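Engineer: Got a structure for you, written out below as structure tokens; questions coming shortly.
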Amino acid sequence: MTTPAPLPLSLTRRSLLLGTGGLSLGALAACRAPADPAAAGSGGSGSGAVTYWDVWQSQTPYIENEIALFQEATGIQVQRTQQQTGAYKDLITLGARSGDLPDVRHVSSEPPMNEQVKNGWLTPLNDHVDEEWIRSFPPYTFVEGSNMFDGKIYTAPFVANTTPAMFLFINDQVFRDAGLVDGEGKALIPRTWDEVTQYARTITEKGGGEVFGLGFGNSAFDLLSWWASVFCQAEAPHGGFSMDLRTGSYAMGSDPLAGDFLEMLVGWKDAGYVFPSSMSIDDETARVYFAKGDFGMTVGGNWNQPGWAEDGFTDYSWTTLIGREEKPKAFFYSAPGGDSWALTSALKNTEGAVEWLRWLLGPEAGKRWTQEFNLGLSIHPESVDVDAIEDRNFRDYLVAAEGKQIPGPQPHIRNPDAVKVVPDPVSPGPGDVIAGVYTGQLSDIRGALADLEERMNENHRAAIDAAVAEGAQVSAEDWVFEDWDPMVPYAYDIPEYPTL
Amino acid sequence: MTTDAAPGTSRTRAETRTLETAGRRRGTGWSPLWSYLYLSPFIILVALFTIYPTIASLGYAFIRWDGLSAPSGFVGLENFRTIIGDPFFWTSLRNSLWYTAVLVPVQLFIALTLALVLNQGTMRFTSVYRSMFFLPAVMSPAILAVIFRLLIASMQKDWLGDPDVVMWVIIVIGIWQTLGYNLIYFLAGLQTIPKELYEAAEVDGAGWWASLRHITLPGLRSIAIIILLMAILGSLNVFDLVMVLTGGGPYFASSVVNTYIYQLAFGNFYGGGGASSSVAQNIGLASAGSVFYGFMLLGVTVVQYVLLARIKKRGAPAIAEES
């Protein structure tokens, strides 16, 4: 029998425990954040590759093409890291704390922009741009409280805010198979709630249990809120579930709109018009079923398009702002300002980072975004030529979107301190309540909506109080725009362009 | 006399110590320092990822913290009050208890039945069957959940979106997924029962049922207690299967305590039919939920131990008598 070799080191129990403890503390210390996150990355003018983060998935071919063009034109290398959308907020926060941020990154909507600026995570662009650059964007692009804080510009929008996000998609083949065509044999486009119901009934009846009128995938997130948006926004400026900026309060309980929509939704389900496993599948799966022709109508956005194009599915149409009547009583509303990419405070290659940011925000990159890759509307109007777009689906999208989104009032434009009011989300929130109603768990629809309204208004008031306690100059009146006409583009009482 | 040696040996602690010292003196013997060295990676990992978070969560339960920025503000018992006052915590607890109450007896019955069948000496290919039953247990619950989601979607059934059905689907998948462990434990228990007992029973004219009742079940009692304990605690702690299958939805219909705590800790993307996509990330609240639930489980465990100890005590002479 062999015996184990003696321990070569002179180890005692105490020294081993001390060593183990030291190792643990060392590991913990390695995880510790630096004391001053903002100071973790200091500006530099090195000549290494520009490090860059984004959260683009389906837009990857576009951004890789831009990187290749940029590198060829400037000789500056760009090192891209594609981050996960769901984890991006955490990655940004952790990166800032550990001093491990890239030179240029996609702006995250959370933490709020003002918090990111306050934390010193971003580098202002003022020293790197001029008046000419600012005026290359449309009026009201740079706005205090949106992408400017204390007169400093931090980012700029990349896409135009003139197109709404949500659409009802029509599977043209399913409509044709159900006989829902016009005189020229083209699929009919529903314009009202009644038409959607009628077309859904026709498709379901003719589908023989194989094809349904409507379908969606709600299992991964509250996609039914998108349906509320498409079907309620034409009826009132609050779209059923948002704040009514004419009164400064939520109205999902006191205005019958949201309840009427939910009753219609439940009616569709009870009548069997909805694809049966819609609550069990996710949005991606639902998109595949829609393309296969398992249902005739679904709600989504222009991000559906690349996947469908890849799968060779092009036989569909777009529509949005569907109300009780054909003529809408309200629109989708845009806010001035906007964001896309920003320089972080951890700049290692300042010159290269500025070059790369200006390249991305330039009209040529915008033109390729719209005209070549058909991914959306560039912020630069001169980069858009709808007639020259060859892709039928993308052209249809732009036509369907035209005039559906107009400028709306924004509390933070009138009072920049309004951005300091950040209500905690309520639970259960609007998406939860819609799901609860749809599944029959909340049978008292109006009661559930009244309760939601009360909780959301209370939450908003509490957030204002908290901001005031922190020194913000805000009041509930900042959310009230009594003279607002929802049918007319809102005129902002701010300069079209800032001065540097 | 106390010993720390294996049963059946009579070496005392003092003797063991003498042998160790002698071995060290000769320079060829076994040194306990090697044991510490080998144990150290495990100790470090457990300290870092189990003990430290457990202790830390006790402190976090009294603050408001999103887990990323600096913790803000001592809130006292407010987090506990919020948890106890939240109806969705109680919905989640009810679902956890429901899951456990159905899964444990059904699964243990199936596992025992299969173990008895597979323990038959005359049966062929038993190792193949054992592997088949154990296979789901070695697969990641998350992967299994994804596969089942796709399977259910392809069947065009709204089982995961139907609040009346969703928990049953999860329970059935849960039974199937962890059956293998209990089957193997029961098989191991069955193989510890001396064959002579069955032979003697046969000589005495005992049939299959009498052997099962008077030999097999009493012989399995000790291991069954351990299996039951582990099954109950494992079921009360179910998380990954529910998280990936439904995220707790629709509208909390399948939310269990661990998915509820996860939702509090990490906020968004809880989903599950809009189960709760709108919750702010709050590690303090999640820690309070964990601590509260941890104490509840501790209470359950203590009650279990007391009851089972009584059962064991009452059953021990009977087994000895029967043996």
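Engineer: Out of curiosity, is residue A:354 surrounded by fewer than 19 Cβ atoms within 10 Å (Cβ to Cβ) and of a type in the set (A, V, I, L, M, F, W, C)? Step through it out loud before you land on a result.
Structural biologist: Values: surrounded by fewer than 19 Cβ atoms within 10 Å (Cβ to Cβ): no; of a type in the set (A, V, I, L, M, F, W, C): yes.
In short, no.
Engineer: Here is a further query. Residues to consider are B:112, B:93; find the one that is among the aliphatic types (A, V, I, L, M), within 25 Å of residue B:221 (Cβ to Cβ) and in a helix (DSSP H, G or I).
Structural biologist: Values: B:93 fails: within 25 Å of residue B:221 (Cβ to Cβ).
After applying the criteria, what remains is B:112.
Engineer: While we're looking at this one, here's another question. Residue check, residue A:184 against (1) touching a Gly at 6+ places or on another chain (Cβ under 6 Å); (2) farther than 30 Å from residue A:454 by Cβ, all met but one. Which one?
Structural biologist: (1)
Engineer: Would a scan of region B:185-200 turn up a residue that is touching a helix residue (DSSP H, G or I) at 6+ places or on another chain (Cβ under 6 Å) and among the β-branched types (Val, Ile, Thr)?
Structural biologist: Yes.
Engineer: Just to confirm my filter: which helices (runs of 4 or more DSSP H) fall fully inside region A:238-341 and include at least 2 residues that are away from chain B (no Cβ under 14 Å) and surrounded by fewer than 20 Cβ atoms within 10 Å (Cβ to Cβ)?
Structural biologist: By residue number, A:256-270, A:304-310.
Engineer: Check residue A:385 against each of (1) touching a helix residue (DSSP H, G or I) at 6+ places or on another chain (Cβ under 8 Å); (2) surrounded by 19 or more Cβ atoms within 10 Å (Cβ to Cβ) and name the one condition it does not meet.
Structural biologist: Every condition holds for residue A:385 apart from (2).
Engineer: Can you find a residue that is within 26 Å of residue A:282 (Cα to Cα), within 14 Å of another protein chain (Cβ to nearest Cβ) and not acidic (Asp, Glu) anywhere in region B:125-136?
Structural biologist: no
Engineer: Do we have any residue at all in region A:68-82 that's within 14 Å of chain B (Cβ to nearest Cβ) and either in a loop (DSSP other than H, G, I, E, B) or modelled with pLDDT under 90 (or both)?
Structural biologist: no
Engineer: Let me ask you something else. Within region B:160-179, can one find any residue that is part of a loop (DSSP other than H, G, I, E, B) and either more than 30 Å from residue A:438 (Cβ to Cβ) or of a type in the set (Phe, Trp, Tyr) (or both)?
Structural biologist: No, that holds for no residue.
Engineer: Give just the number: which of (1) open to solvent by less than 40 Å² (accessible area, probe 1.4 Å); (2) touching a residue at least 40 places away in the same chain (Cβ under 8 Å) does residue B:214 not satisfy?
Structural biologist: It fails just one condition, (1).
Engineer: Could you list, in sequence order, the residues of region A:69-91 that are open to solvent by less than 20 Å² (accessible area, probe 1.4 Å) and either acidic (Asp, Glu) or in contact with a strand residue (DSSP E or B) (Cβ under 7 Å, 6 or more places away or on another chain) (or both)?
Structural biologist: Listed by number, the residues that qualify are A:70, A:78.
Engineer: Taking the condition more than 19 Å from residue A:114 (Cβ to Cβ) and either outside any loop (DSSP other than H, G, I, E, B) or within 23 Å of the chain's Cα centre (by Cα) (or both), does residue A:435 pass?
Structural biologist: Judged against the criteria, residue A:435 is a match.
Engineer: Give the residues of region A:128-165 that are under 17 Å from residue A:376 (Cα atoms) and of a type in the set (Ser, Thr, Tyr), sorted by residue number.
Structural biologist: A:162, A:163
Engineer: Let me ask something else. Give me the pairs: first residue in region A:428-451 and within 12 Å of chain B (Cβ to nearest Cβ), second residue open to solvent by 50 Å² or more (accessible area, probe 1.4 Å), beta-carbon distance under 8 Å, and six or more apart or on different chains, which are they?
Structural biologist: So the pair list comes out as A:431/A:221; A:438/A:269; A:439/B:162.
Engineer: While we're on this one: For the structure I just gave you, tell me whether residue A:51 is under 28 Å from residue A:110 (Cα atoms) and either at pLDDT below 95 or loosely packed, with under 14 Cβ neighbours inside 10 Å (or both).
Structural biologist: Judged against the criteria, residue A:51 is not a match.
Engineer: Another question, then. Can you tell me how many residues in region A:275-298 are polar (S, T, N, Q) and under 15 Å from residue B:249 (Cβ atoms)?
Structural biologist: 3
Engineer: Here is a follow-up. Please go through region B:55-69 and pick out each residue that is part of a helix (DSSP H, G or I) and more than 14 Å from every other protein chain (Cβ to nearest Cβ).
Structural biologist: Correct list: B:57, B:58, B:59, B:60.
Engineer: Another question, then. Tell me which residues, restricted to region A:342-364, are assigned to a helix (DSSP H, G or I) and within 21 Å of the chain's Cα centre (by Cα).
Structural biologist: A:357, A:360
Residues are listed down the side, and each one gets a yes or a no for (1) part of a loop (DSSP other than H, G, I, E, B); (2) out of contact with any Gly (no Cβ under 7 Å at 6 or more places or on another chain); (3) within 19 Å of residue A:269 (Cα to Cα); (4) free of Cβ contacts under 8 Å to residues at least 40 places away in the same chain:
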{"site": "A:165", "(1), (2), (3), (4)": "yes, no, no, no"}
{"site": "A:168", "(1), (2), (3), (4)": "no, yes, yes, no"}
{"site": "A:175", "(1), (2), (3), (4)": "no, no, no, no"}
{"site": "A:179", "(1), (2), (3), (4)": "yes, yes, no, yes"}
{"site": "A:190", "(1), (2), (3), (4)": "yes, yes, yes, no"}
{"site": "A:198", "(1), (2), (3), (4)": "no, yes, yes, yes"}
{"site": "A:203", "(1), (2), (3), (4)": "no, no, yes, no"}
{"site": "A:220", "(1), (2), (3), (4)": "yes, no, no, no"}
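Engineer: Of the residues that sit in region A:438-468 and are among the acidic types (Asp, Glu) and in a helix (DSSP H, G or I), which one is nearest to the chain's Cα centre (by Cα)?
Structural biologist: Going through the qualifying residues, I end up with A:453.
Engineer: Now for a separate question. Here are some residues: A:465, A:432. Which one is acidic (Asp, Glu), farther than 30 Å from residue A:370 by Cβ and open to solvent by less than 30 Å² (accessible area, probe 1.4 Å)?
Structural biologist: Numbers: A:465 fails: open to solvent by less than 30 Å² (accessible area, probe 1.4 Å).
On inspection, the qualifying residue turns out to be A:432.
Engineer: Then there's this: So, of the residues in region B:70-121 that are of a type in the set (Val, Ile, Thr) and within 30 Å of residue A:428 (Cβ to Cβ), which turns out to be farthest from the other protein chains (Cβ to nearest Cβ)? Working first, answer last.
Structural biologist: Start the filter on region B:70-121 by keeping residues that are of a type in the set (Val, Ile, Thr), which leaves B:75, B:82-84, B:91, B:100, B:102, B:104, B:106, B:110, B:113, B:117.
Then keep just the ones that are within 30 Å of residue A:428 (Cβ to Cβ); that gives B:75, B:82-84, B:91, B:100, B:102.
On the way: B:75: 14, B:82: 11, B:83: 13, B:84: 16, B:91: 10, B:100: 22, B:102: 21 Å.
Here the residue is B:100.
Engineer: Could you figure out which of (1) modelled with pLDDT of 95 or more; (2) open to solvent by 80 Å² or more (accessible area, probe 1.4 Å) isn't true of residue B:96?
Structural biologist: Among (1) modelled with pLDDT of 95 or more; (2) open to solvent by 80 Å² or more (accessible area, probe 1.4 Å), the lone unmet condition for residue B:96 is (2).
Engineer: Hey, could you check region A:469-490 for residues that are part of a loop (DSSP other than H, G, I, E, B) and without any contact (Cβ under 8 Å) to a residue 24 or more places away in the chain and say which is nearest to residue A:139 (Cα to Cα)?
Structural biologist: Filtering region A:469-490 for residues that are part of a loop (DSSP other than H, G, I, E, B) and without any contact (Cβ under 8 Å) to a residue 24 or more places away in the chain, the one nearest to residue A:139 (Cα to Cα) comes out as A:485.
Engineer: Quickly run through region A:205-218 and pick out the residues that are buried (at least 21 other Cβ atoms within 10 Å of the Cβ), within 11 Å of chain B (Cβ to nearest Cβ) and assigned to a loop (DSSP other than H, G, I, E, B).
Structural biologist: A:215, A:216, A:217, A:218
Engineer: Restricting attention to region B:67-76, which residues are modelled with pLDDT of 75 or more and surrounded by 17 or more Cβ atoms within 10 Å (Cβ to Cβ)?
Structural biologist: Within region B:67-76, B:75 is the sole residue that qualifies.
Engineer: Has region B:146-156 got any residue that is hydrophobic (A, V, I, L, M, F, W, C), more than 10 Å from every other protein chain (Cβ to nearest Cβ) and open to solvent by less than 50 Å² (accessible area, probe 1.4 Å)?
Structural biologist: Taking region B:146-156 and keeping what is hydrophobic (A, V, I, L, M, F, W, C), we get B:146-148, B:150-153, B:155.
Subsequent filtering for residues that are more than 10 Å from every other protein chain (Cβ to nearest Cβ) retains B:146-148, B:151.
After this cut, where a residue has to be open to solvent by less than 50 Å² (accessible area, probe 1.4 Å) as well, the list is B:148.
Among the residues of region B:146-156, at least one is hydrophobic (A, V, I, L, M, F, W, C), more than 10 Å from every other protein chain (Cβ to nearest Cβ) and open to solvent by less than 50 Å² (accessible area, probe 1.4 Å), which makes the answer yes.
The values are calculated or read from the model by the stated rules, or taken from the named source; none is laboratory data. Predicted, not measured: the structure shown is a model, and the values here were computed from it. Note: ideal-geometry Cβ built from the backbone for every residue, glycine included; neighbour counts use all protein chains shown. Only protein heavy atoms, including side chains, enter the accessible area calculation; ligands, DNA and RNA are left aside. Shrake-Rupley method; radii C 1.70, N 1.55, O 1.52, S 1.80 Å.
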